[in-house]
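Have a look at the structure below, then the notes.
The values are calculated or read from the model by the stated rules, or taken from the named source; none is laboratory data. It should be emphasised that the depicted structure is a prediction, and the values quoted were computed from it without experimental measurement. Glycine also receives a Cβ, built like all others from the backbone with ideal geometry; neighbour counts cover every protein chain displayed. Calculation scope for accessible area: heavy atoms of the full protein, side chains included, ligands and nucleic acids excluded. Shrake-Rupley method; radii C 1.70, N 1.55, O 1.52, S 1.80 Å.
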Amino acid sequence: MPSDLRYLLQTRDGTDCLRIVYYKETDSTNTEALKLARRGYPHGTLIVADRQLRGRGRRGRHWFSPEGKNIYMSLIFRELERLPCPELITLYSSVCVIEALLSNVKSAAAHIWSKWPNDIYWDDKKLGGILTEGGGLKKERFFVIGIGLNVNSTKEELSKNTDHSGTSLLSETDRTLRRDRLILDIASGILGKSELLGSPLSLKKRWTELSRTPGATVKVIGERESFRAVALGIDERGHLIVRTEEDGKLKTLCAEEVVHLR
Ligand code: BTN
């Protein structure tokens, strides 16, 4: 195991409920987590890889996942009775990722924010994303929360391998960072923030504090149409309410793509 992942082997206070499955390389930690969850692996199983061969993002996009650099992790979450509104799981996870970043990266507070619904940004560049799967079918009473974060990739490799709008903690801070502490803080945050998880109102408030989407002018890209709008905020199910520029009508977005214009 690479030296900056070694703490994953040690148990720490507050993370005892974590059961860690580590792969030097795998197609996708989400694919592994879905397999293991279907085999009955418990709540709190964390799958981590040093490299992904077929990392996946939303809408079938490829997720750049080189060896030894970044975070690729998926958490099995089974305690659905703790979620008054399961649809909030992605926004909840993004709050936990940002809080872990705020406590591990000194200068993060002025730069990091959550773009609705599943992106983590550093100023105007994408630092990471969340892909939540499972949970929908009656038989599958679990979620897999997949998190990708660019930690130690260089600017050059990101501009060669992503659509140029990506960044990493190394590019922004000029420091390399151990991945294990961040991974453990994110996972224990997701498993542990019961008050936030149980209260859609508190979650809405915290997410709004950590996001720059409410108030932004955005381009909404849906399956059938795209239009400009002003984002007003989220409702208690985590859906985004926007006012269209064309006719001022309110629309509620569930899973559309939103591009910030200013
Ligand atoms: C997105 O921004 O579209 C979501 C990206 C999610 C990437 C992570 S990396 C770990 C996990 N395994 C995957 O194949 N995808 C998620």
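Taken residue by residue, the range 91-111 has at least one member that is more than 12 Å from the ligand (Cβ to nearest atom) and closer than 25 Å to Glu223 by Cβ.
In the range 104-118, is there at least one residue being among the small types (Gly, Ala, Ser) and modelled with pLDDT under 95? I'd like the intermediate steps shown before the answer.
Keep residues of the range 104-118 that are among the small types (Gly, Ala, Ser), which gives 107-110, 114.
Filter once more, keeping what is modelled with pLDDT under 95: 107.
So far as the range 104-118 goes, yes, one or more of its residues are among the small types (Gly, Ala, Ser) and modelled with pLDDT under 95.
Could you list, in sequence order, all residues of the range 49-65 that are more than 9 Å from the ligand (Cβ to nearest atom) and buried (at least 18 other Cβ atoms within 10 Å of the Cβ)? Those that are more than 9 Å from the ligand (Cβ to nearest atom) and buried (at least 18 other Cβ atoms within 10 Å of the Cβ): Asp50, Phe64. Residues in the range 20-42 that are within 13 Å of the ligand (Cβ to nearest atom) and open to solvent by 60 Å² or more (accessible area, probe 1.4 Å): Glu25, Asp27, Lys35. With respect to Glu156, is the statement that it is among the acidic types (Asp, Glu) and in contact with a His (Cβ under 8 Å, 6 or more places away or on another chain) true? In short, no.
Among the candidates Leu80, Leu46, Leu75, the residue that is open to solvent by 10 Å² or more (accessible area, probe 1.4 Å), over 17 Å from Thr167 (Cβ atoms), more than 9 Å from the ligand (Cβ to nearest atom) and aliphatic (A, V, I, L, M) is uniquely Leu80.
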